[in-house]
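The values are calculated or read from the model by the stated rules, or taken from the named source; none is laboratory data. Just so it is clear, the structure is predicted and the values come from calculations on it, not from any experiment. Positions of Cβ are backbone-derived with ideal geometry, glycine not excepted, and every protein chain shown enters the neighbour counts. With ligands, DNA and RNA removed, areas are computed over all heavy atoms of the protein, side chains included. Shrake-Rupley method; radii C 1.70, N 1.55, O 1.52, S 1.80 Å.
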Amino acid sequence: MQRLGTYVHQAGAAVAATLLTLVPGPLAADEGPVDGSAAGVTVEIVENVPDQPSWDFEIPEAVDRYELPAFGLVSLPKKYTDRGLLAERSNPFIVSATAKLALPAGEYRLILRSKNAARLLVDGKPVAETQFLSPNASGHEHVPERTAAADPRTPALLPGHQEQIAALTLDGDPHDFRLLAFVGGKRLRPEIGEVWVAVAQGDQPPELLSPATTTIPLTDASWASYAADCQRQQAQRDRQARQAAGAHEADYWAARHDIARREWSDRPAVPVPEVKRLDAAFNDIDRFINARLEAAGIIPETLCDDLAFLRRVTLDTAGVVPSRAEIEAFLADQSPNRRSSVIDRLLADPRWADHWVGYWQDVLAENPGILKPTLNNTGPFRWWIHESFSDNKPFDRFATELVRMDGGTWSGGPAGFAMATQNDAPMASKAHVIAKAFLGLEMQCARCHDAPFQPFKQHELFSVAAMLAREPQQVPPTSTVIASERARRPLIEVTLEPGVPVAPAWPFSELAAAELPDGILQNPIDPRERLAAIITSPRNVRFAQVIVNRLWQRYLGAGLVEPVDDWPVDWPAADASHAELLEYLARELVTHDYDLKHVARLILNSHTYQRAVPAAAQSAGGESNQRLFASPLRRRLSAEQLVDSLFLVAGKDMHCEELTMDPEGRRPVTEMQNLGTPRRAWQFTSLSNERDRPALSLPVAQSIVDVLAAYGWRESRQNPLTVREEAATPLQPMVLANGIAGSRITRLSDDSALTELALEDRPVQQLVEAVFLQILSRGPTEDERQTFVELLNDGYDDRRVAGAEAVPARSLRLASAVSWSNHLSPEATRIKLDLERIARQGDPPTTRLQADWRERMEDMAWALLNSPEFIFVP
């Protein structure tokens, strides 16, 4: 234990100064030496500290320890349970950063920046300290003036942040530096914000305090680069911590998969059919498909060309179109198996996880709210979904973890799935989601009465709900249909009276027996775990079939069973287009440890997947073709694919605000959430507020949400959904062609990849080729080349402006200090309306290109991005 002492700085201002001269001498008795490292800064996380606005307490032992290159904190390690699931830290907790430094003798300025209270100690003596953050209970505060940074050469202060300057005289000897940062507190969200210690001598620009020999200047660009590096390294540390924490759980699942393989070895395999057209088959999938096509007299489509294949498979795995570098690398590979090689590369790409999150957010009704998040919303279990696919978690484990609903509610664990406050029967809602997602059972109608179009009784849904709740469940009066004696007889039946308790029980013995193989259950007396085990048991063939059918539908455009989430209970009577292929793929999933990537690899390598998609007028066989898969179906990009691809081809960051209405962090997580700064489309959520107040708007984020919503993304996911509404609407081309986001993408600003292409020294014909590759993943036709060469040729040789310099992209660090704490102020509304006006102006155009020629180049980009070809999977 180490006592901090009773020093409390009373500066009161956001920027203040203290003075301390250090000479060699012993440390204060109550401080003790730091555990610093000459190689870096040692960072420790200390939980279970007193919830008080004071440093007068003893520091408990650290629970996490790692190293950073400097005294700069932008993210913190995640906490995991012994099953490797995201968990909550205590609120508050402390971050301690220590290092032993020997700076040259002389006078220094130290700048301490933090969001909440922080203090800097040198040899145990306080040098600088910032104030404790106070919670907020209303929106009637005044909008504070933007506090200038202590040094104008450093990045601007973010909302709610504060600084203090300390003058320090050093003697050239080693000294112990310690930074302590308080995170969270009573009615505060536990967010670190930006915490750093900068050092400077004389008029020199500040640098991050660091034991490293390489300096880290505190400019906007350098700090952004440092922060990005720290976040990447933290993600790697989190993955290692997650695997270490869940090592015992991984052993359990390895044993379960051994059981599954033994169970399926006793199940007769489906024979692969022989077909005459073996030249049109790459693997067993093709043989199953071709056998049905031959029997129907349908000739399959030829394979699509290489670049169409690359665009399709990159969209289906990484969720974006291929970059120009990926295209050039693919074209440079002349090996006969280059398609298989690129599939292997893409399945190992970390973007695989990004692409799956949006799909499962819909299927599992993940619905976090940044305002009043407990108002019948879920927790943000999107982070658990992302980690699961990043780790390529076996899918039976994925489903089990969701059903168990362990981990943290607010930190992103599957416990967030359990949250459904202000819902009269929350576990019935979750039972509906689980049955639809993993068993293909549509039980929505059974929430209030016996289902009229499916063979489900209300008591069956509530039996599953009781297993989830671990106790009997009663049908609330608000979840039933009460028949009046004088009214006509309703078309539906109600066989479960309100208030009657329904005991935990598995109601679908015809799907999966309640009897489980030995070694499956870890806690036999837990009904929730028993439910998870029954659903994912290797004896439940339905689970594996439903999952592989979801993969097939996503890659080919239609499932082997349709609808993919509404199957008949009596499976042998289901209308499957290829029952034997479905059985084959289910066996492949189970016998390969429920590895989705294994099944995806089989599908993506098949000729069935790689065939060309004909125009509707040229498609032979009509509906029979679609059900027999002579070719994949025409698919439109999902909303997430579209938005992420737009920013990829432009080479731009989203430059979006944090997804929160309380950037200061002065409201508890039960009232306000901060979902961070989005980098991919799946990270967005509804931005609506209770009264549509402009002071709470997020203009840049809203411009991106507008595109997502127009193309089928749901701002609110109250119910599970597999297939979104994809009907074309007039709003879709309008928002892409005329919206703020579309304008940003086509604008040749200084952070645009298209601007860099235009500045390169090359003939205009080659520029047209490069832009087509960048946007459409193919070269232009002769007519297209001629059209755009004529458009760009005039003034091409003089397009560059001599001496003009690049202007950094507009930084949202300059956004206002408007927050929930002051959003009722008229000034808050005026500021946000000004920011919306700025957002509508889009990115400032580059001055390195002549304006007239630049606008014609933008017209070319606009035309390609708004072509139907861009929004469809080839």
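Work out, in µm²/s and without decimals, the Stokes-Einstein translational diffusion coefficient of the stretch 60-172 at 25 °C, 0.890 mPa s, Rh from Kirkwood over C-alpha pairs.
It diffuses with D of about 142 µm²/s by this estimate.
How much accessible area per residue does the stretch 574-708 have, in Å², with a 1.4 Å probe?
Heavy-atom accessible area per residue stands at 31 Å².
Which shape class applies to the stretch 259-411: rounded if a/c is under 1.5, otherwise prolate when a/b exceeds b/c and oblate if not, where a ≥ b ≥ c are the square roots of the Cα gyration tensor eigenvalues?
Cα axes put the stretch 259-411 in the oblate bin.
HN-Hα J couplings of the stretch 350-360 from phi, Karplus 6.51/-1.76/1.60, θ = phi - 60°, integer Hz, Gly and Pro as x?
Each residue's phi maps through the Karplus curve to give x, 5, 3, 5, 4, 5, 8, 4, x, 4, 7 Hz.
Extent of the stretch 226-332 along each principal axis, from alpha carbon coordinates, in Å, largest to smallest?
60, 47, 21
Can you list the trypsin sites (Lys or Arg not before Pro) in the stretch 127-212 that are in a DSSP coil and have 12 or fewer other beta carbons within 10 angstrom?
LYS186
Eigenvalues of the Cα gyration tensor times 5, then square-rooted: what semi-axes does that give for the stretch 350-472, in whole angstrom, largest first?
After diagonalising the Cα gyration tensor, the semi-axes are 25, 17, 13 Å.
Quick one: check the C-alpha center-to-center distance for the stretch 129-203 versus the stretch 344-370, whole angstrom.
Distance between centres, Cα-based: 36 Å.
From the P(r) of the stretch 99-255, could you give the percentage of C-alpha pairs in the tail past 19 Å?
Pairs farther apart than 19 Å: 64 percent.
Using the 2.2 N^0.38 Å rule of thumb for compact globular proteins, work out how the stretch 824-874 stacks up: its C-alpha Rg over that value, please.
Working it through for the stretch 824-874, the quotient is 1.78.
If you scale each eigenvalue of the Cα gyration tensor by 5 and take the root, what three semi-axes come out for the stretch 460-582, rounded to whole angstrom and sorted largest first?
Equivalent ellipsoid semi-axes, largest first: 31, 24, 11 Å.
For SER509 and VAL569, compute 0.36 nm times the residue count separating them, minus their Cα-Cα distance, and round to one decimal in nm.
Roughly 20.6 nm would be gained on extension.
In the chain, if the dipole is taken from +1 on Lys/Arg beta carbons and -1 on Asp/Glu beta carbons about the Cα centre, which of GLY665, THR478, ALA70 is farthest to the positive end?
So the residue we want is THR478.
What does the charge add up to near GLU671, with Lys and Arg as +1, Asp and Glu as -1, over the other residues with Cβ less than 11 Å from its Cβ?
+4
Please report the carbon-and-sulfur percent of the accessible area for the chain; probe 1.4 Å, protein heavy atoms only, DNA, RNA and ligands left out.
Taking all protein chains in place, the chain shows 53 percent carbon and sulfur surface.
Can you work out the FRET efficiency for the pair THR478 and THR729, with r the C-beta to C-beta distance and R0 = 41 Å, to the nearest 0.05?
0.75
Compute the orientation-averaged projected area for the stretch 41-83 from the convex hull of its Cα atoms and round it to one decimal in nm².
With every direction weighted equally, the projected area is 4.3 nm².
Determine the sum of side-chain charges near ASP316: Lys and Arg each +1, Asp and Glu each -1, restricted to other residues whose C-beta is under 10 angstrom from that of ASP316.
For residues surrounding ASP316, the net value is +4.
From largest to smallest, what semi-axes in whole angstrom does the stretch 125-209 give when each is the square root of 5 times an eigenvalue of its alpha carbon gyration tensor?
Three semi-axes, in Å: 29, 17, 10.
Rg (Å, one decimal) plus Dmax (Å, integer) for the alpha carbons of the stretch 716-783?
In order Rg, Dmax, the Cα atoms of the stretch 716-783 give 17.4, 54 Å.
Looking at the stretch 605-707, which GluC sites (Glu not before Pro) are in a loop (DSSP not H, G, I, E or B) and have at most 12 other Cβ atoms within 10 Å?
The qualifying sites are GLU690.
In a Debye calculation with equal point scatterers on the alpha-carbon sites of the stretch 620-770 and no solvent, what is log10 I(q)/I(0) at q = 0.13, 0.20 Å⁻¹?
-0.77, -1.29
Which net charge results when you count Lys and Arg as +1 and Asp and Glu as -1 among the other residues whose beta-carbon is under 10 Å from that of HIS386?
Around HIS386, the charge tally is -1.
With Rg and Dmax of the Cα atoms in Å in mind, check (1) 29.9, 95; (2) 33.5, 130; (3) 35.7, 120 and report the label derived from this structure.
Here Rg and Dmax of the Cα atoms in Å agrees with entry (1).
How many Å³ per residue does the convex hull of the Cα positions in the stretch 765-874 occupy?
Dividing the Cα hull volume of the stretch 765-874 by its residues yields 155 Å³.
What number do you get for the stretch 308-376 when its Cα radius of gyration is normalised by 2.2 N^0.38 Å, N = residues?
Normalised Cα radius of gyration, the stretch 308-376: 1.54.
Please work out how much length the chain gains when fully extended from ASP56 to ILE299, using 0.36 nm per residue of separation minus the C-alpha to C-alpha distance, in nm with one decimal.
79.5 nm
Any idea what the relative contact order of the stretch 419-460 is, in percent, if you count C-alpha pairs under 8 Å spaced at least 6 apart?
Averaging sequence separation for qualifying contacts and normalising by length gives 22 percent for the stretch 419-460.
Of the cross-linked pairs LYS186/LYS832; LYS372/LYS652; LYS78/LYS125; LYS79/LYS115, which ones have a Cα-Cα span greater than 25 Å in the structure shown?
Too far apart for the 25 Å limit: LYS186/LYS832; LYS372/LYS652; LYS78/LYS125.
Place a +1 charge on the Cβ of each Lys and Arg in the chain and a -1 charge on the Cβ of each Asp and Glu, then give the dipole magnitude about the Cα centre in debye, rounded to the nearest 20.
1200 debye
Quick one: if the Förster radius is 45 Å, what FRET efficiency do SER225 and ALA615 give, using the C-beta to C-beta distance and rounding to 0.05?
0.45
Taking a probe of 1.4 Å, how large is the accessible area per residue of the stretch 298-404, in Å²?
Here the per-residue accessible area is 28 Å².
Taking only protein heavy atoms into account and a 1.4 Å probe, give the accessible area per residue of the stretch 490-532 in Å².
Dividing the accessible area of the stretch 490-532 by its residue count gives 55 Å².
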